[in-house]
Structures are given as C-alpha cells and as structure tokens.
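Derivation of every value follows stated rules applied to the coordinates shown; laboratory data play no part. Source: prediction; values computed, not measured. Glycine also receives a Cβ, built like all others from the backbone with ideal geometry; neighbour counts cover every protein chain displayed.
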Amino acid sequence: MDTIGDVSQQRVDAAHAWHKALSDEVIAHAENPYGAQALILALLFDENITIEKKQYEIINKAIGGLHSKNVKQVKQDVAKLART
C-alpha cells in the first residue's frame with residue numbers, strides 16, 4: 001500500500017513490456033466501448049464451469065446474445081495470453 005502511486009522507471013518499463021505482450025485482438029477490444037466492456041466482463045469470469053455458465057446466462061439476459069457472444073470471443077483472446 002505504501003508504494004501505490006509511486007512511479008519508477010522499472011515500473012514504466014514493466015508496463016511497456018506488458019503492453020507489447022498484448023495481442024492485437026486484445027488491444028482492439030480495449031480501444032472501443034463495447035470491446036472494453038466485453039474485456040472487463042471476460043476478466044471477471046470464474047474458472048468453475050458451472051459458475052461460468054450462470055455468469056453467461058446473466059450477461060445474456062442483461063446485455064443480450066450478441067454482446068454475450070462478444071464476451072466469449074474476448075475471453076478466448078485473453079485466455080491465449082495466459083498460455084504464451
């Protein structure tokens with residue numbers, strides 16, 4: 001907690017390296033409102049398949065099937081990052 005907000009060259013370099021590691025797909029999602037929404041939702045999904053199904057049901061009801069499908073795609077794009 002004591003270092004929150006402190007900026008060092010090491011942290012700036014780490015942020016640049018992290019950004020460069022992002023795929024073009026993830027960056028494209030982050031740069032538009034619907035994609036950013038989908039990206040945030042995708043990051044919040046549980047790893048438990050039963051809970052994940054319930055989360056998709058809720059999202060489908062709340063924002064519709066088209067956006068729910070977009071969240072699934074973004075979730076797959078984000079999952080690829082974890083494997084690399």
GNM top mover of VAL71, VAL26, VAL12 - the chain, alpha-carbon springs below 10 Å: VAL12
The answer for PHE45, listing residues at least 5 apart or on another chain whose modeled amide H is closer than 5 Å to its amide H, is none
Relative contact order for the chain: what is it in percent, counting Cα pairs under 8 Å that are at least 6 residues apart? 32 percent
Given a 10 angstrom Cα cut-off, can you work out which residue in GLU57, GLU25, GLU47 is the most mobile in a GNM of the chain? GLU47
Spin-label model distance (nm) - HIS19 vs ASP46, 7 Å beyond Cα toward Cβ: 3.5 nm
Kirkwood hydrodynamic radius of the range 24-83 from all distinct Cα pairs, in Å? 11.5 Å
Using the basic label-point model (7 angstrom from Cα toward the beta carbon), what is the LYS53 to GLU31 distance in nanometres? 3.8 nm
Magnitude of the Cβ-charge dipole of the range 24-83, K/R +1 and D/E -1, about the Cα centre, nearest 20 debye? 220 debye
Cα-Cα over 22 Å, subset of LYS20/LYS53; LYS20/LYS54; LYS54/LYS75: LYS20/LYS53; LYS20/LYS54
Comparing ILE59, ILE27, ILE49 in a Gaussian network model of the chain (Cα, 10 Å), the one with the largest mean-square fluctuation is ILE49
For the range 74-81, just list the computed ³J(HN,Hα) in residue order, Karplus coefficients 6.51, -1.76 and 1.60, θ = phi - 60°, integers in Hz, with x standing in for Gly and Pro. 5, 4, 5, 5, 5, 4, 4, 5
